[in-house]
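Participant: This structure is in structure tokens; I'll ask about it shortly.
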Number of protein chains: 2
Amino acid sequence: MHYKQLIQKKENFTGNIRILFANEEKYIAAIINLLKTTHAHIYIYDIEDASELIRSYDLDIQLLRRIHFKLNDNLRDLFYSCSQDLEKDSTSILVKGNISTTRFKKFLTQAFGNASQSFNHIACFDLPQYYKTLVLSDVVYQRFPEYKTKINTIFNLKRFAQSMEYDHFNIGILSSVNQPFVKISSSIDAAKLKEHFAKMNERFITVDGPITLDNAIDKNIAIQKNEMSEVAGEVDALLVPDIDVGNAIYKSFTLIGHAQVASILLGAAIPISYTSRSDQLQTIIDSIHLAISLS
Amino acid sequence: MHYKQLIQKKENFTGNIRILFANEEKYIAAIINLLKTTHAHIYIYDIEDASELIRSYDLDIQLLRRIHFKLNDNLRDLFYSCSQDLEKDSTSILVKGNISTTRFKKFLTQAFGNASQSFNHIACFDLPQYYKTLVLSDVVYQRFPEYKTKINTIFNLKRFAQSMEYDHFNIGILSSVNQPFVKISSSIDAAKLKEHFAKMNERFITVDGPITLDNAIDKNIAIQKNEMSEVAGEVDALLVPDIDVGNAIYKSFTLIGHAQVASILLGAAIPISYTSRSDQLQTIIDSIHLAISLS
């Protein structure tokens, strides 16, 4: 699937968007963009009042009516109020705003309980060098996933791909080698995952690994190296061994490859837009639109 | 230091180059290039005779006289003959040719004994997005380096930088975070390494970490994130946590970033050009010239 299809704007979208912390220029700009490109109602949970920032945009009163402030003077009450609203009131998507990863994780545990342990983060990349979107998991949320967590992530990815109406979804399990080696645990896990899903006779997804990054996105290299995987050059999603690998790839793709990216959290009942505070405005906007597409 | 300075050709170079396996177009092309750009003598250790491949280049007889074949019909004798020559005869550099990583490692153990355990691989990148060469260790040789090995690698890097006449050398210890976190072992090692070298009062090198890839090569990002390392945006070399990280970065830089790269092995008495069989011809040529510069 092409990146543009993933983040396609739903202009008739009328749902409720809840965002945790927006008191920064970038997040306000994203909210203004959303007001203008959809019919969404936006609920801002914050400690600081961002209405002055918003007023500077000189918005039409019709748009302003769709912004709702939920202010609280401490984090505990704020988290509680947002959790309650998520439970009671209709919510289309949740948005991680100007809040640290650690704090947002705490909020998720409070709002979703143990279920939050089976969430996983995906970063969807538009790479000029690859002919379709490359999905990467996990660059931030599941730091050192165990085998069971990896299985769960693959099912989250499957549901994601079904919702996005992929015809078929190829999942490559990343390693530094293309064959299982005892001394490289990522490659052993990969071979086990491949076997596990081969036995399940899954038709919609193909799981293959271990596979290196070059083989995953370039079939010619795989042929040259005589390491031809079923998914070589055709990978839709890559599962990375751990956060050190994921983080390095994320930074390489965005900084060195100038890739566009949209990031969300999978596994919850609602899609969660999940960006880093150092991400660009466009990434925040794209991520919210991707979450809306999934809602 | 700029990449061009690192791989600058020494046209008056008259030393002996020993290459293990050259029976492939790419390696022959590199050898022809060396004959034409230096006065080196080249010793080819191989099982197959590549003289026909070489004849197709229609070389001047003067150049041909500087190619010497050392043929053997089995790997054991070949390794033995090359090891003996390395011990007895003068050698400027050793070149990994068309031979697998696993086999070449075996050869190194035979030729250099236990000393080969403290070798480390460096890949020197010319990234269009970075203003100087970025050295990465280790993307292939030290797979899951222990703390002691990392210390040793830092000293290898220091000797490398001194030989290449750097004024000062900044070493960043890569992680997925910029502060030590107990659950992320790469960050803990990084903090320990930083402390270790701070105590040694090293002047020529600065060792700092943990540092993420974006902070390492972009000072503005580090400032924005309020994670200002002493080496942010100024890193000369990055130590990666393990081969899964190193391999992913290597593939991202070359495939996505179209980076030029030269690779050698540090720690031996002689520089060793150490490329992957899937590397481009230019990488093989640059790596040999880098090794010559160090010899």
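Participant: For A:Lys9, give me every one of the lysines with a C-alpha distance below 28 angstrom, ignoring sequence neighbours fewer than eight places off in its own chain.
Facilitator: A:Lys26, A:Lys36, A:Lys70, A:Lys88, A:Lys96, A:Lys105, A:Lys132, A:Lys158, A:Lys251
Participant: Considering only DSSP beta bridges whose two residues both sit in the protein assembly as shown, what percent are antiparallel, to the nearest 5?
Facilitator: 30
Participant: Hey, what D do you get for region A:58-211 in µm²/s if you plug the Kirkwood alpha-carbon radius into Stokes-Einstein at 20 °C and 1.002 mPa s?
Facilitator: In µm²/s, the coefficient rounds to 115.
Participant: For region B:119-263, give the magnitude of the charge dipole about the Cα centre (Cβ charges: +1 Lys/Arg, -1 Asp/Glu; no others), in debye to the nearest 20.
Facilitator: Working: 14 positive and 17 negative charges, 59 e Å.
Rounded to the nearest 20 debye, it is 280 debye.
Participant: Solvent-accessible area of A:Met228, probe 1.4 Å, all protein chains present, reported in Å² to the nearest ten, please.
Facilitator: Spelled out: A:Met228, probe radius 1.4 Å, area about 100 Å².
Participant: Hey, could you get me the Stokes-Einstein D for region B:161-295, Kirkwood radius over alpha-carbon pairs, 37 °C and 0.692 mPa s, rounded to whole µm² s⁻¹?
Facilitator: Using the Kirkwood radius from Cα pairs, D works out to 203 µm²/s.
Participant: Follow-up question, since we're still on this one. Given charges of +1 on the Cβ of Lys and Arg and -1 on the Cβ of Asp and Glu, with all other atoms neutral, how large is the dipole of the protein assembly as shown about its Cα centre, in debye to the nearest 20?
Facilitator: 680
Participant: Could you work out the mean count of beta carbons from other protein chains within 10 Å of each residue's beta carbon in A:252-264?
Facilitator: 4
Participant: Separate question: Of the heavy-atom accessible surface of region B:119-263 (probe 1.4 angstrom), what whole percent is carbon and sulfur?
Facilitator: Carbon with sulfur: 48 percent of the solvent-accessible area.
Participant: Something else about it: Looking only at other chains, what is the average number of their beta-carbon atoms within 10 angstrom of each beta-carbon in A:233-246?
Facilitator: For this peptide, the per-residue mean of nearby foreign Cβ atoms is 4.
Participant: Another one. Work the Kirkwood hydrodynamic radius out for the protein assembly as shown: mean of 1/r over every pair of different alpha-carbon atoms, inverted, in Å.
Facilitator: Values: mean 1/r = 0.0387 Å⁻¹.
After inverting the mean inverse Cα-Cα distance, the result is 25.9 Å.
Participant: Compute the distance in nm between two label points, each set 7 Å from the Cα along the Cα-to-Cβ direction, one at A:Met200 and one at A:Asn220.
Facilitator: Computed distance between label sites A:Met200 and A:Asn220 equals 3.5 nm.
Participant: Considering only DSSP beta bridges whose two residues both sit in region A:1-154, what percent are antiparallel, to the nearest 5?
Facilitator: 20
Participant: When the helix-only estimate is applied to chain B (DSSP H runs of n ≥ 4, each -39,500 (n - 2.57), divided by the residue count), what is the mean residue ellipticity at 222 nm, nearest 500 deg cm²/dmol?
Facilitator: -11500 deg cm²/dmol
Participant: Return the single residue from B:Pro145, B:Pro271, B:Pro210 with maximal mean-square fluctuation; model: Gaussian network over chain B, springs between Cα atoms under 10 Å.
Facilitator: Maximum among the listed residues: B:Pro145.
Participant: Over chain A, what is the relative contact order in whole percent, taking alpha-carbon pairs under 8 Å and six or more residues apart?
Facilitator: Result for chain A is 23 percent.
Participant: If you line up the long axis of helix B:185-199 against the longest principal axis of chain B, both from Cα atoms, how many degrees apart are they, to the nearest 10?
Facilitator: Relative to chain B, helix B:185-199 is tipped by roughly 90 degrees.
Participant: Taking 7 Å along the Cα-to-C-beta vector as the label spot, tell me the B:Ser81-A:Glu165 distance in nanometres, rounded to one decimal.
Facilitator: Result for the modelled spin labels: 6.6 nm.
Participant: Next question, about the same structure. Order of B:76-89, B:157-170 by packing, highest average Cβ count within 10 Å first?
Facilitator: Listed from highest to lowest mean packing, they are B:157-170, B:76-89.
Participant: Still on this structure: First measure r as the distance between the Cβ atoms of A:Val182 and A:Ile61, then evaluate 1/(1 + (r/R0)^6) with R0 = 60 Å and state the FRET efficiency to the nearest 0.05.
Facilitator: Step by step, r from the Cβ atoms, then E = 0.35.
Participant: Please report the equivalent ellipsoid semi-axes of region B:1-43, computed as sqrt(5 x eigenvalue) of the Cα gyration tensor, largest first, in whole Å.
Facilitator: Largest first, region B:1-43 gives 20, 14, 9 Å.
Participant: Averaged over B:124-132, how many beta carbons belonging to a partner chain fall within 10 Å of each residue's beta carbon?
Facilitator: Numbers: counts 0, 1, 0, 3, 1, 4, 2, 0, 0.
Rounded to a whole number, the mean comes out at 1.
Participant: Right, here's the next one. Which one of B:Phe181, A:Ala262, A:Val140 is farthest out on the positive end of the charge dipole of the protein assembly as shown, using unit charges on Cβ (Lys, Arg +1; Asp, Glu -1) and the Cα centre as origin?
Facilitator: B:Phe181
Participant: If one takes the longest principal axis of the Cα atoms in chain A, at what angle in degrees, from 0 to 90 and to the nearest 10, does the Cα axis of helix A:25-37 lie?
Facilitator: In chain A, helix A:25-37 runs at an angle near 90 degrees to the longest axis.
Participant: Looking only at region A:119-263, where both bridge partners belong to it, what percent of the DSSP beta bridges are antiparallel (to the nearest 5)? Don't skip to the answer; put the middle values down first.
Facilitator: Details: 7 of 18 bridges.
Taking every DSSP beta bridge within region A:119-263, about 40 percent pair in antiparallel fashion.
Participant: If I model a spin label as a point 7 Å beyond the Cα along the Cα-Cβ vector, how far apart are those points for B:Glu52 and A:Asp49 in nm?
Facilitator: Taking the simple label geometry, B:Glu52 and A:Asp49 are separated by 8.7 nm.
Participant: What do you get for the angle between helix A:281-294 and the principal long axis of chain A? Use alpha-carbon atoms, 0 to 90 degrees, nearest ten.
Facilitator: The angle comes out near 80 degrees.
Participant: If you don't mind, there's one more thing I want to ask. In a Gaussian network model over chain B where Cα atoms closer than 10 Å are linked, find which of B:Leu193, B:Leu64, B:Leu20 has the largest mean-square fluctuation.
Facilitator: Sorting by GNM fluctuation, first place goes to B:Leu64.
Participant: Follow-up question, since we're still on this one. If ligands, DNA and RNA are left out, what is the accessible area of B:Glu25 with a 1.4 Å probe, given in Å² to the nearest 10?
Facilitator: Around 90 Å² of this residue is reachable by solvent.
Participant: Moving on. What is the magnitude of the charge dipole of chain B about its Cα centre, with +1 placed on the Cβ of each Lys and Arg, -1 on the Cβ of each Asp and Glu, and no other charges, expressed in debye to the nearest 20? Mind dumping the intermediate values first?
Facilitator: Numbers: 31 positive and 33 negative charges, 84 e Å.
In total the dipole reaches around 400 debye.
Participant: Take the alpha-carbon centre of region A:120-185, take the same for region B:119-169, and report the distance between them in whole Å.
Facilitator: Region A:120-185 and region B:119-169 have Cα centres spaced 30 Å from each other.
Participant: Specify the inter-centroid distance of region A:1-79 and region B:195-232, based on alpha-carbon positions, in whole Å.
Facilitator: So the separation of the two Cα centres works out to 36 Å.
Participant: Let me ask you something else. How do B:Val182, A:Val177, B:Val235 stack up against each other in accessible area, from largest to smallest, with a 1.4 angstrom probe? Before the final figure, lay out the partial values.
Facilitator: Working: B:Val182 135, A:Val177 20, B:Val235 0 Å².
Highest to lowest solvent-accessible surface, that is B:Val182, A:Val177, B:Val235.
Participant: Using only Cα atoms, what Kirkwood radius does chain A have, in angstroms?
Facilitator: 19.8
Participant: Still on this structure, I have one more. What's the extension gain from A:Ala29 to A:Lys192 if we count 0.36 nm per residue and subtract their Cα-Cα distance?
Facilitator: Working: separation 163, 0.36 × 163 = 58.68 nm, distance 4.51 nm.
That works out to 54.2 nm of additional length.
The values are calculated or read from the model by the stated rules, or taken from the named source; none is laboratory data. Since the model is a prediction, treat every value here as computed from it, not as a measurement. Every residue, glycine among them, receives a Cβ derived from its backbone with ideal geometry; neighbour counts consider all protein chains shown. To get the accessible areas, we keep the full protein, side chains included, count just its heavy atoms, and leave off ligands, DNA and RNA. Shrake-Rupley method; radii C 1.70, N 1.55, O 1.52, S 1.80 Å.
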